[in-house]
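Step one of this worksheet: look at the structure below.
The values are calculated or read from the model by the stated rules, or taken from the named source; none is laboratory data. None of these values were measured; they are calculated from a predicted model. Cβ: placed from backbone, ideal geometry, glycine included. Neighbour counts: every protein chain shown.
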Ligand SMILES: Nc1ncnc2c1ncn2[C@@H]1O[C@H](COP(=O)(O)OP(=O)(O)OP(=O)(O)O)[C@@H](O)[C@H]1O
Ligand SMILES: [Mg+2]
């Protein structure tokens, strides 16, 4: 059975889309097919892997139209994001719309992993992604707004779980863009220990290869097979697979 994972944090610029692209790259280099569902009107993960934001993709799927994922690189497919995600039809959808559309088109069955890249500022689009997912990754950086964004999305997930509503059964924090030479990153670890003592936590370090791969619009493992962040991606994927 495929893993469906949502990557979200209400704070912008914490590395959600970079993590989504790099995890897809991890699965693809292991010979596993990854589908990125780009729920962000900015379309960054689509663009960062060479796709065209605004092409037919997530919005059309949500509207119940026939749509085929585009192959951006070997074994990396996407349902592109773009401004259409903000359309009136999409904003009126039930929270289960993405989950039901993925099932109806048997997309879960066709891919080994489905990765939903959530936007920073739309609770509606965020909820569509969470309800469709069995696991969630919440990237967080050393910034108070990022901590409160992470806390809010973790609370929402926990609330849904307690109420036995559809949504992630497992979630983990990802300390993103980590540079342990920075005092702020060290103290972030302590804050996360105190605030979220029982939430699993991973690291996704600051690595220039990640930024370059995205700007060259190539999967990380093809761009730099020796990138330092690669073993960390393997750890995150092992948790998702477990
Ligand atoms: N691990 C990393 N190492 C180096 N640079 C990174 C890393 N992760 C992200 N970046 C860079 O940080 C910037 C923000 O990352 P990204 O777009 O993934 O954040 P985001 O949370 O998806 O933002 P938004 O909220 O706008 O969707 C990008 O320029 C990206 O290349
Ligand atoms: Mg993003």
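Scanning the range 61-69 turns up no residue that is within 18 Å of residue 98 (Cβ to Cβ), within 11 Å of ligand 2 (Cβ to nearest atom) and modelled with pLDDT of 95 or more. I'm trying to understand the selection: among the residues of the range 106-125, which are free of Cβ contacts under 8 Å to residues at least 60 places away in the same chain and away from ligand 1 (no atom under 16 Å from the Cβ)? Once the filter is applied, which keeps residues that are free of Cβ contacts under 8 Å to residues at least 60 places away in the same chain and away from ligand 1 (no atom under 16 Å from the Cβ), the range 106-125 yields only 106.
For residues that are closer than 19 Å to residue 14 by Cα and modelled with pLDDT of 95 or more, scanning just the range 120-152, find the one that is surrounded by the fewest Cβ atoms within 10 Å (Cβ to Cβ).
Looking at the filtered set, the residue picked out is 135.
Scanning the range 35-47 for residues that are at positive phi and surrounded by fewer than 24 Cβ atoms within 10 Å (Cβ to Cβ) turns up nothing.
Every test in (1) buried (at least 20 other Cβ atoms within 10 Å of the Cβ); (2) more than 10 Å from ligand 1 (Cβ to nearest atom); (3) not in a loop (DSSP other than H, G, I, E, B) is passed by residue 60 save one, and that test is (1).
In summary, residue 103 fulfils each of the numbered conditions (1) under 21 Å from residue 61 (Cβ atoms); (2) in contact (Cβ under 8 Å) with a residue 24 or more places away in the chain; (3) surrounded by fewer than 23 Cβ atoms within 10 Å (Cβ to Cβ); (4) more than 16 Å from ligand 2 (Cβ to nearest atom) with the single exception of condition (2).
So, residue 182, is that one at pLDDT below 95, over 18 Å from the mean Cα position of the chain (by Cα) and loosely packed, with under 15 Cβ neighbours inside 10 Å or not? The answer is yes for residue 182. Scanning the range 12-32 for residues that are within 9 Å of ligand 1 (Cβ to nearest atom) and either surrounded by fewer than 22 Cβ atoms within 10 Å (Cβ to Cβ) or on the phi > 0 side of the Ramachandran plot (or both) gives 12, 13, 15.
Within the range 1-11, being within 13 Å of ligand 1 (Cβ to nearest atom) and either surrounded by fewer than 23 Cβ atoms within 10 Å (Cβ to Cβ) or at pLDDT below 95 (or both) holds for 9, 10, 11.
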